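*Asks:* Okay, here's the structure, questions in a sec.
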Amino acid sequence: MYHIYCHFSAFDTIWNETDPPKAETNDERTKTKESEENARKSREAADRLFPGEEWEKVEDGIYRSSRKKTGKNTNYKGELKDAQILRNLGNVVYLVPEKRTNEGNYDAIVNGLEFEFKNVGGNANTLATQFLRSRAQAPNVFINLECSAMTSREVISTLYNARNKQTHVDHDGNSIKGYDDSNKFSGGRIILKLRGKKSLTYLDADDLKRPSG
């Protein structure tokens, strides 16, 4: 994981009191409505999945369980960075406490959906391993590849191969799990933050499945 340092400079804005207020555009109204809907979905899911939990506002659009571990030996800084990336593009994120159950141990609720966060800075093998691991943790995954040199084509190809990987025995006699033996969920969203890309890439796990026949 990595550390995040932010610095803001204070400044004064001066305007003419006679200037009329700017009218809100249709695009701005749509974004505001979507943000409000995302906030509602996330809060409802947080209350349903963690009844009685106390949530602390970290910053606009990001909330954290009061039981969330944030020390230097945790992944909190990386998870917060991921939450900021998602929030900056209109999503509302709740960072959940460590929850170890048969339903998975995921990192966050994003727009009402359970998500695992993965930060991948390595090669295709690392990405494939982390993707398969996420399928036992949450139905949806956000993969931050900002520190990876992999191209968009390489990333999609790697995820496609991982999605269609079969359980097999390697040359040393070790059993290597494939997708079906790693996966605990039906379908699921995959959100990617690629290096050098301002927008996010959205995939569906089932769309990566190789057609039968």
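*Asks:* Determine the relative contact order of region 26-208: mean sequence separation of Cα pairs under 8 Å and six or more apart, normalised by residue count, in whole percent.
*Replies:* Working: 312 pairs, mean separation 29.0, N = 183.
Over region 26-208, the number comes to 16 percent.
*Asks:* Counting Lys and Arg as +1 and Asp and Glu as -1, each charge on the Cβ, what is the dipole of the chain about the Cα centre in debye, to the nearest 20?
*Replies:* 640
*Asks:* Would you calculate the separation in nanometres between label points at His168 and Thr32, each defined as 7 Å from the Cα along the Cα-to-beta-carbon direction?
*Replies:* Going from the His168 label point to the Thr32 one covers 5.6 nm.
*Asks:* Report, ordered by chain and residue number, the aspartates and glutamates lying within cross-link reach of Lys198, taken as a straight Cα distance under 16 Å and ignoring same-chain residues fewer than 8 apart.
*Replies:* Candidates past the 8-residue exclusion: Asp82, Glu146.
*Asks:* Hey, another quick one. Going by Cα centres, region 27-69 and region 124-168 are how many Å apart?
*Replies:* 27
*Asks:* For the pair Leu89 and Lys197, how long in nm is the line joining their label points, each one 7 Å along Cα→Cβ?
*Replies:* 0.8
*Asks:* Taking the chain as a Gaussian network, where each spring joins two C-alpha atoms under 10 Å apart, which residue of Asn174, Asn119, Asn111 fluctuates the most?
*Replies:* Asn174
*Asks:* Something else now. Which residues does a label at Arg40 reach in region 105-145, if reach means a backbone N under 19 Å from a point 7 Å past the Cα toward the Cβ?
*Replies:* Once the point is set 7 Å along Cα→Cβ of Arg40, 110-114 turn out to lie under 19 Å by backbone N, inside region 105-145.
*Asks:* Quick one: helix 26-49 against the long Cα principal axis of the chain, what's the angle to the nearest 10°, folded into 0 to 90?
*Replies:* Once rounded, one gets 60 degrees.
*Asks:* Right, next: Work out from phi, with θ = phi - 60° and the Karplus expression 6.51 cos²θ - 1.76 cosθ + 1.60, the ³J(HN,Hα) of each residue of region 60-69, listed in order in whole Hz, and give x for Gly and Pro.
*Replies:* Couplings: 3, x, 10, 10, 9, 4, 5, 9, 5, 7 Hz.
*Asks:* Obtain the radius of gyration and the Kirkwood radius of the chain from its C-alpha atoms and give Rg over Rh. Intermediate results must be reported in sequence, preceding the final value.
*Replies:* Values: Rg = 19.9 Å, Rh = 19.2 Å.
A ratio of 1.04.
*Asks:* Once you list every other residue whose beta carbon is under 15 Å from the beta carbon of Gly196, what net charge do they have if Lys and Arg are +1 and Asp and Glu are -1?
*Replies:* On the way: positive: Arg153, Lys193, Arg195, Lys197, Lys198; negative: Glu146, Glu154.
Neighbourhood net charge equals +3.
*Asks:* Based on DSSP H runs of at least 4 residues, each adding -39500 (n - 2.57), what is the mean residue ellipticity at 222 nm of the chain after dividing by all its residues, to the nearest 500 deg cm²/dmol?
*Replies:* Per the formula, -9500 deg cm²/dmol.
*Asks:* While we're looking at this one, here's another question. Measure up Lys33/Lys193; Lys57/Lys209; Lys77/Lys165; Lys31/Lys197 against 30 Å on the Cα-Cα distance and list the ones that go over.
*Replies:* Lys57/Lys209; Lys77/Lys165
*Asks:* Something else now. Run the Debye formula on the Cα coordinates of region 154-198, all scatterers equal and no solvent, and tell me log10 I(q)/I(0) at q = 0.15, 0.18 1/Å.
*Replies:* -0.54, -0.70
No value in this document is a laboratory result; all are computed from the given coordinates. No experiment lies behind these values; they were computed from the predicted model shown. When we count neighbours, we look across all protein chains shown, and the Cβ atoms used for this are built from the backbone with ideal geometry, even at glycine.
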